[in-house]
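A.B. asks: Below is the structure I would like to discuss, written out as structure tokens.
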Amino acid sequence: MAVLDRIMRAGETRIVRRLESIAYQVDALADDFASMSDEELRGQTEEFKTRHVDGESLDDLMAEAFAVVREAATRTLGQRPFIVQIMGAAALHLGNIAEMKTGEGKTLTGVLPAYLNALSGEGVHIVTTNDYLAKRDAEWMGRVHRFLGLKVGCILAQMRPDERRAQYACDITYGTNNEFGFDYLRDNMAWSEEELVQRGHNYAIVDEVDSILIDEARTPLIISGPAEQSAKWYVEFARIAQRLTRDVDYEVDEGKRTLSVLETAVEKVEDEFGIDNLYEAVNTPLVGYLNNALKAKELFKRDKDYVVVNGEVMIVDEFTGRMLHGRRYNEGMHQAIEAKEDVEIKQENQTLATITLQNYFRLYRKLGGMTGTAMTEAAEFDQVYKLGVVPIPTNQEMIRLDQSDKVYKTEDGKWSAVVDDIVERHEKGQPILVGTTSVEKSEHLSGLLLRRGVPHEVLNAKYHEKEAAIVAQAGRKGAVTVATNMAGRGTDIMLGGNPEVLATAELARRGLSPAETPEDFESAWPAALESSKHAVEAEHNEVVDLGGLYVLGTERHDSRRIDNQLRGRSGRQGDPGESRFYLSLGDDLMRLFNAHMVESIMDRLNLPEDLPIESKMVSRSIQSAQTQIEQQNFEIRKNVLKYDEVLNKQRTVIYDERRRVLSGEDLHESVRNMIDDTIAAYVDGATAEGYAEDWDLDTLWTNLKQLYPVGVTVEQLEEACGGALTSDFLIDELCVDAHTAYDRRETSLGEGPDGQPLMRDLERRVLLEVLDRKWREHLYEMDYLQEGVHLRGYGQRDPLVEYQREAYDMFTAMMDGIKEEAVGFLFYVQVNIEELAASDVVEVEGDESPGAIAPPVPVGTPGAATPDQLVGAPTPPLGAPTPPMSTPGQPVGTPQQPGPTPQQPAGTPRFGTPGESAQPAAAVAAPQPSAAAAGQPDGGEHARVADVLGRAIGGSSARPANLQYSAPTLDGEGGVERSSAPAAGGGGGFANASRNQPCPCGSGRKFKRCHGAPGAPATS
């Protein structure tokens, strides 16, 4: 490893020398800009923009632009970037990760490359780990940009789409990785260009880049909508799980967080439900319920992984201690926990749009990142993101003393020693920062300190603003701060107190804000900052004499990076400091990995509980455990990316096609090509086998009439070709006939107010509706393909290769289905001209998610209006033959229905009771308009269904009442979902009605299908 490490670091010295050269160029220009007035300095921005337009590259402008920002920061913030900060800024601009120690000023460093890249006018995104930091940095660092004439925006979770659009239009936009990613997905669910908020992906600077691009990259971003799921099965299996015994009925590996069900448990479940085989196809869904119930019982602990507040299960981020309001575990896990805790079970969801963080950030033309700990993941950054890691030297020498770990036999012995150490140092007045790995342990320690009379602050499950205020003062004399995780807090701990934070708080008390009252704020800032510096100066010197900040870790974290981040809070900018970790053999990390070896030695030596040991064997054991977990997490991330790479290619095709439709491109020729392709597929399917006299042309004609009003007969074509029909002749003549019918359709619709044929608008709306629905169905199938494809490994087949092959086949079938459905709807949909001209932008009421514009939903899927009128894939009227699929060579008459997912045989219910026939919620097929215009007998059915689709396309259809936003937690665990509030009006006046019970109105339909449907009329 040492040789490999030297090879990987071979180019570092050369890169650092180049960065030093750039920094000294900037420093040499300092006097030129220092002599300028504020107006002259601000005027440099327009000059740089003009020079860039005239051909100078951003690299050519780098030194001058950095010098301008350096001077502006000095005048506005009272902070002058050091040489090492300029080096870090150059590394960011050149598309690297700058590894800068805590306290070296990463936030200010990011201002320089952000300004430089904003000169292109294409926008810069600065990505932070939470909304508070995004808002704080946009106001704080935005003062520099605003001083220089640039516009600064900030994306926050509560913003409406129009507000978001304005923020993205700014030169520099701050926000979180989740908000940027969800806005990208929502933009690709939009139904008009006016709904789009992002304007491209030019350049991004990612703060705490290892947390966002490594830890959080294990879980993709997912937007999902309501799907059917039976709550009773969660309750049943929660009850069964309590009767099953660990190591008898199932086995648990807590280290890998996996669980395996044994034969005895299977037998008990089969006896409980009176079924012969739990793994029979029809009972497959029950296996998922069983696994989730057992995981909820063994792997998800109350008051550690989650808490129950007011009858609701709230996820707790075990590393930050924050409750994740409105977020939910996916894949039915949250429902299983709700059943275990006997609280209301909320609805499951299906995927509408998804992307991994890896693939989202690879959309940017250029990417940079900042963190204090990146070298341990340098290979992954290079492999996945093509980002190099450049360690930036510290401004002053690091003199922190890192003590060796103390290991105790029991947890009680460890906690006793921890409290004794804290009490001793607190009595001297030395500030102490204590790091714990969970909320539960921070509260335990807090109780011990209270009993000893030690005043302290506990950072868990509180607001970011309060956290930042507490952290900023954690370096004051006598301060004791207990925190669950210091990574990504974004606030500098200064000895004696943070003068910037004190000055900002003082000005806020006076009603001054850098964003709302910038001129008054700037004029008052120098005096406030100077006053704060004087207030903390004496205390700073006193704390330095006491030894600086003492960092005490109560347990080793799974990742070495998190331990290093905690230690890095001490010893900033040449200050003294000290750190030490206290461990016990009962700690999770030690307990799960090799702790029994150490315990056996301590038992043989008969060491007392309160006597710590220090040995190389213990250190190696800890390092080995952390390395194993880091490797497991790396494999998870690689696996997520490998499978998403397949979907990403398909996503790119679909999203590019959507943008083409949204941009108003003329789709006339594309639609005509769809008509040709679909007719060719129909004819090929009917004529692929046998001689011409064996072809069933009557069935073919019946099927074609479901596609378009056929204007020629078989007899006419036989006469035209002299009785020698061929497949090619049929295709050519039918295509001509279809194009003629399409021209008639276009003429009958007429022109719009702009003089353009209304058919162009109809084409756009039909294509968007069909494209979105088929893509949602495809995502549903892909979810379950990925869920089961790993089983192919038992058959000596590579699951990834199988996934790629089947995904390609499914995508091809989806694209054929899009053509077929779009053509059928374009010919037969009934159009209300007034509605077609109306706007179809509908905002989801009560949606807490920023800018949640819901996509149109086909009638019949969850959340759609008039659910008793189903519209799905084109199928014939009742009693008529079904048209063939567009797959060449398929026999005529094969029903075009959504097939079973791979690893899910036909007849397997995805939702509902075992043995009950059920289709996927996203793949409901239903009667399609018949060829009424061609004289088909079922014109009434055609009119009914076409009218429903016409309303959906015309803009008056209901959109989903709520969406779910699934994103990683701050440590990348879990894949949790943020819920949006349901739209007002759903459910009418039957507030207490159960969704699956008959509607109280007496209609005979279920409540969710009647007055409980989103958009249903209110009742008194």
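A.B. asks: Give the residue, chosen from 139, 193, that is farther than 26 Å from residue 359 by Cβ and surrounded by fewer than 24 Cβ atoms within 10 Å (Cβ to Cβ). Outline the logic, then answer.
C.D. replies: Values: 193 fails: farther than 26 Å from residue 359 by Cβ.
Within the list 139, 193, the selection yields 139.
A.B. asks: Can you pull out the residues in segment 122-150 that are more than 27 Å from the chain's Cα centre (by Cα) and not hydrophobic (A, V, I, L, M, F, W, C)?
C.D. replies: Answer for segment 122-150, where residues must be more than 27 Å from the chain's Cα centre (by Cα) and not hydrophobic (A, V, I, L, M, F, W, C): 143, 145, 146, 149.
A.B. asks: Here's another thing I want to ask about it. Pull up segment 520-554, narrow it to residues that are in contact with a helix residue (DSSP H, G or I) (Cβ under 7 Å, 6 or more places away or on another chain) and in a loop (DSSP other than H, G, I, E, B), then point me to the one that is nearest to residue 398 (Cα to Cα).
C.D. replies: Result: 546.
A.B. asks: Oh, and also: Does residue 720 satisfy being of a type in the set (A, V, I, L, M) and either within 30 Å of residue 188 (Cβ to Cβ) or open to solvent by 60 Å² or more (accessible area, probe 1.4 Å) (or both)?
C.D. replies: Criteria met by residue 720.
A.B. asks: Hey, can you tell me all the residues within segment 196-209 that are over 16 Å from the mean Cα position of the chain (by Cα), crowded, with 23+ Cβ neighbours inside 10 Å and not hydroxyl-bearing (Ser, Thr, Tyr)?
C.D. replies: Passing the criteria: 197, 204, 205, 207, 208.
A.B. asks: Which of the residues belonging to segment 212-233 are open to solvent by less than 10 Å² (accessible area, probe 1.4 Å) and of a type outside the set (A, V, I, L, M, F, W, C)?
C.D. replies: Here is the first cut: in segment 212-233, the residues open to solvent by less than 10 Å² (accessible area, probe 1.4 Å) are 212-214, 216-217, 221, 223-225, 227.
Residues satisfying the conditions are 216, 224, 225.
A.B. asks: Out of curiosity, is residue 101 surrounded by fewer than 24 Cβ atoms within 10 Å (Cβ to Cβ), over 22 Å from residue 43 (Cα atoms), in contact (Cβ under 8 Å) with a residue 12 or more places away in the chain and within 30 Å of the chain's Cα centre (by Cα)?
C.D. replies: Values: surrounded by fewer than 24 Cβ atoms within 10 Å (Cβ to Cβ): yes; over 22 Å from residue 43 (Cα atoms): yes; in contact (Cβ under 8 Å) with a residue 12 or more places away in the chain: yes; within 30 Å of the chain's Cα centre (by Cα): yes.
Here the answer is yes, as residue 101 does meet what is asked.
A.B. asks: Here's a check for you: in segment 257-271, which residue that is touching a helix residue (DSSP H, G or I) at 6+ places or on another chain (Cβ under 8 Å) and modelled with pLDDT of 85 or more is nearest to residue 233 (Cα to Cα)?
C.D. replies: Filtering first and then ranking leaves 269.
A.B. asks: Could you tell me which residue of segment 504-528 is least open to solvent (accessible area, probe 1.4 Å), considering only residues that are of a type in the set (A, V, I, L, M) and more than 15 Å from residue 143 (Cα to Cα)?
C.D. replies: Step one: of segment 504-528, the residues of a type in the set (A, V, I, L, M) are 505, 507-508, 512, 515, 524, 527-528.
After this cut, where a residue has to be more than 15 Å from residue 143 (Cα to Cα) as well, the list is 505, 508, 527-528.
On the way: 505: 42, 508: 63, 527: 71, 528: 8 Å².
Among those residues, the one meeting the criterion is 528.
A.B. asks: Could I ask something else about it? With the checklist (1) free of Cβ contacts under 8 Å to residues at least 12 places away in the same chain; (2) closer than 21 Å to residue 216 by Cα in hand, flag the one item residue 187 doesn't pass.
C.D. replies: Among (1) free of Cβ contacts under 8 Å to residues at least 12 places away in the same chain; (2) closer than 21 Å to residue 216 by Cα, residue 187 violates only (2).
A.B. asks: Answer yes if at least one residue in segment 236-257 is farther than 26 Å from residue 354 by Cα, among the hydroxyl-bearing types (Ser, Thr, Tyr) and crowded, with 21+ Cβ neighbours inside 10 Å, and no otherwise.
C.D. replies: In the first step, residues of segment 236-257 are kept if they are farther than 26 Å from residue 354 by Cα; the result is 236-255.
Subset that is among the hydroxyl-bearing types (Ser, Thr, Tyr): 245, 250.
From what's left, crowded, with 21+ Cβ neighbours inside 10 Å: 250.
Yes: segment 236-257 contains one or more residues that are farther than 26 Å from residue 354 by Cα, among the hydroxyl-bearing types (Ser, Thr, Tyr) and crowded, with 21+ Cβ neighbours inside 10 Å.
A.B. asks: Just to be sure before I move on: is residue 59 modelled with pLDDT of 90 or more and over 38 Å from the mean Cα position of the chain (by Cα) in the structure I sent? Walk me through it before giving the result.
C.D. replies: Numbers: modelled with pLDDT of 90 or more: yes; over 38 Å from the mean Cα position of the chain (by Cα): no.
Here the answer is no, as residue 59 does not meet what is asked.
A.B. asks: Turning to a different aspect of this structure: Here are the criteria: (1) open to solvent by 10 Å² or more (accessible area, probe 1.4 Å); (2) touching an Asp or Glu at 6+ places or on another chain (Cβ under 9 Å); (3) in a strand (DSSP E or B). Tell me which single one residue 367 does not satisfy.
C.D. replies: (2)
A.B. asks: Are there any pairs with C-beta distances below 8 angstrom linking a residue in segment 404-425 that is part of a loop (DSSP other than H, G, I, E, B) to a residue that is polar (S, T, N, Q), with the two at least 6 apart or on different chains, and if so which?
C.D. replies: Listed by first residue and then by second, the contacts come to 404/619; 405/619; 409/584; 410/584.
A.B. asks: Contact list please: Cβ distance under 8 Å, first residue in segment 741-754 and farther than 17 Å from residue 712 by Cβ, second residue aliphatic (A, V, I, L, M) and outside any helix (DSSP H, G or I), pairs at least six apart or on different chains.
C.D. replies: Here the result reads 749/831, each pair linking segment 741-754 to a residue that is aliphatic (A, V, I, L, M) and outside any helix (DSSP H, G or I).
A.B. asks: Let me ask something else about it. Residues to consider are 410, 376, 436, 394; find the one that is open to solvent by 20 Å² or more (accessible area, probe 1.4 Å) and either more than 30 Å from residue 88 (Cβ to Cβ) or hydrophobic (A, V, I, L, M, F, W, C) (or both).
C.D. replies: Details: 376 fails: either more than 30 Å from residue 88 (Cβ to Cβ) or hydrophobic (A, V, I, L, M, F, W, C) (or both); 436 fails: open to solvent by 20 Å² or more (accessible area, probe 1.4 Å); 394 fails: either more than 30 Å from residue 88 (Cβ to Cβ) or hydrophobic (A, V, I, L, M, F, W, C) (or both).
Within the list 410, 376, 436, 394, the selection yields 410.
A.B. asks: Ok, one more. Identify all residues within segment 546-590 that are under 19 Å from residue 476 (Cα atoms) and surrounded by fewer than 21 Cβ atoms within 10 Å (Cβ to Cβ); write none if there are none.
C.D. replies: Scanning segment 546-590 gives 546, 547, 573, 574, 576, 578.
A.B. asks: Now a separate question. So, in segment 281-309, how many residues would count as being surrounded by 15 or more Cβ atoms within 10 Å (Cβ to Cβ) and more than 24 Å from residue 341 (Cα to Cα)?
C.D. replies: 3
A.B. asks: Another question, if that's okay. Just one of the numbered conditions (1) modelled with pLDDT of 85 or more; (2) of a type in the set (A, V, I, L, M); (3) surrounded by fewer than 24 Cβ atoms within 10 Å (Cβ to Cβ) is not true of residue 345; which one?
C.D. replies: Unmet for residue 345, out of (1) modelled with pLDDT of 85 or more; (2) of a type in the set (A, V, I, L, M); (3) surrounded by fewer than 24 Cβ atoms within 10 Å (Cβ to Cβ): (1).
A.B. asks: Cβ-Cβ distance below 6 Å, separation of 6 or more or different chains: which pairs start in segment 455-476 with a residue that is assigned to a helix (DSSP H, G or I) and end on one that is at pLDDT below 75 and surrounded by 22 or more Cβ atoms within 10 Å (Cβ to Cβ)?
C.D. replies: Pairs that qualify, where the first residue is assigned to a helix (DSSP H, G or I) and the partner is at pLDDT below 75 and surrounded by 22 or more Cβ atoms within 10 Å (Cβ to Cβ), are 468/491; 471/489; 471/491; 472/491.
The values are calculated or read from the model by the stated rules, or taken from the named source; none is laboratory data. For clarity, every value in this text was computed on a predicted model and none was experimentally measured. FYI the Cβ positions are ideal-geometry reconstructions off the backbone, even for glycines, and counts take in every protein chain you see. Just the protein is used for accessible areas: all its heavy atoms, side chains included, with ligands, DNA and RNA removed. Shrake-Rupley method; radii C 1.70, N 1.55, O 1.52, S 1.80 Å.
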